[in-house]
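J.: Quick one: the structure is below, questions incoming.
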Amino acid sequence: MVEQNDSDVDSSGYESSYDECSPEELLSLASHELQNPLNVAQLQLELVSDDHDSEHLAAAQRALDRMETLITDFLKLTSSTQNLDPVSVVDLPDVTEHCWRYVGTTGATLNVDAAGTIRADRLRLEQLLQNLLQNAIEHGGEDVTVTVGELDDRNGFYVEDDGSGITKTDRESVFALGYSTSHSGTGFGLYLVAKIVQAHGWHIRPTEGPDGGARFEITGVEFVDTDSCHSAVSQSADCPPEEADTQNS
């Protein structure tokens, strides 16, 4: 008979807890656990690269960069499937220009043809816009022009570019998990966009822009009339908060 020491761990509790995890929770856990060994590997590779120059080291670095991209996208995927934070009033031009600063924009141009204010979970909206903007740059080229504007005939907005566009066949698959026409793509970007759109109760449609590029139209968006917020009537929760007066009286 084998005696169990106090230090022995009963793994059944861990197994049952994992059984109760959703696929999204398991994916998030795995992504976090992979981050530490990835950081160690990147650091060790950097130290070796300081003493040696080899194409094999460069290939290893590309593989680690790919792993880091996948882990980042896995974490974005798990967060996009969670419930929205309370929606707030978001200035569409402001959030678009904010997101543009966080994508690779060397040589690319942004046109903002929008002046509206919408109700959305700002963080998720930022993720949506960043993914669409990055997608335009990756597929339209570094000198692509991207336009974000409001739809004339429906409540919504669009993101379009003047690149090569999306074929009608690919339009049916662009939102599928893992689908990508780029060798460096993970196939998560547009899938995340669709998830965020769905969480807001919106709709998204890929089509062709006036210059033949890709165009994504997002409809069902609630716009807020900010003009009424400046009336003498008390402001409602739908109005953006007024900026505090920082001037001395």
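J.: Hey, can you tell me all the residues within the range 133-171 that are in a loop (DSSP other than H, G, I, E, B), in contact (Cβ under 8 Å) with a residue 12 or more places away in the chain and closer than 22 Å to ASP91 by Cα? Explain how you work it out, then say what you get.
T.: Residues of the range 133-171 that are in a loop (DSSP other than H, G, I, E, B), as a first pass: 141-144, 151-155, 162-167.
Among the residues that remain, those that are also in contact (Cβ under 8 Å) with a residue 12 or more places away in the chain are: 141-144, 151, 154-155, 162-166.
If the condition is that a residue be in a loop (DSSP other than H, G, I, E, B), in contact (Cβ under 8 Å) with a residue 12 or more places away in the chain and closer than 22 Å to ASP91 by Cα, then LEU151, ARG154, ASN155 are the ones that fit.
J.: Please count how many residues of the range 81-96 are within 20 Å of LEU190 (Cα to Cα) and either surrounded by fewer than 16 Cβ atoms within 10 Å (Cβ to Cβ) or modelled with pLDDT under 95 (or both).
T.: Start the filter on the range 81-96 by keeping residues that are within 20 Å of LEU190 (Cα to Cα), which leaves 81-84, 92, 95-96.
Keeping just the survivors that are either surrounded by fewer than 16 Cβ atoms within 10 Å (Cβ to Cβ) or modelled with pLDDT under 95 (or both) gives 81-84.
Final tally of qualifying residues: 4.
J.: Could you please let me know if ASP73 is part of a helix (DSSP H, G or I), in contact with a Gly (Cβ under 8 Å, 6 or more places away or on another chain), surrounded by fewer than 20 Cβ atoms within 10 Å (Cβ to Cβ) and modelled with pLDDT under 85? Don't jump to the end; show me each part of the working.
T.: Numbers: part of a helix (DSSP H, G or I): yes; in contact with a Gly (Cβ under 8 Å, 6 or more places away or on another chain): yes; surrounded by fewer than 20 Cβ atoms within 10 Å (Cβ to Cβ): yes; modelled with pLDDT under 85: yes.
Yes, satisfied.
The values are calculated or read from the model by the stated rules, or taken from the named source; none is laboratory data. Remember, predicted model here, so these are calculated numbers, not experimental data. Using ideal geometry, Cβ is built from the backbone for each residue, glycine included, and neighbour counts are taken over all protein chains shown.
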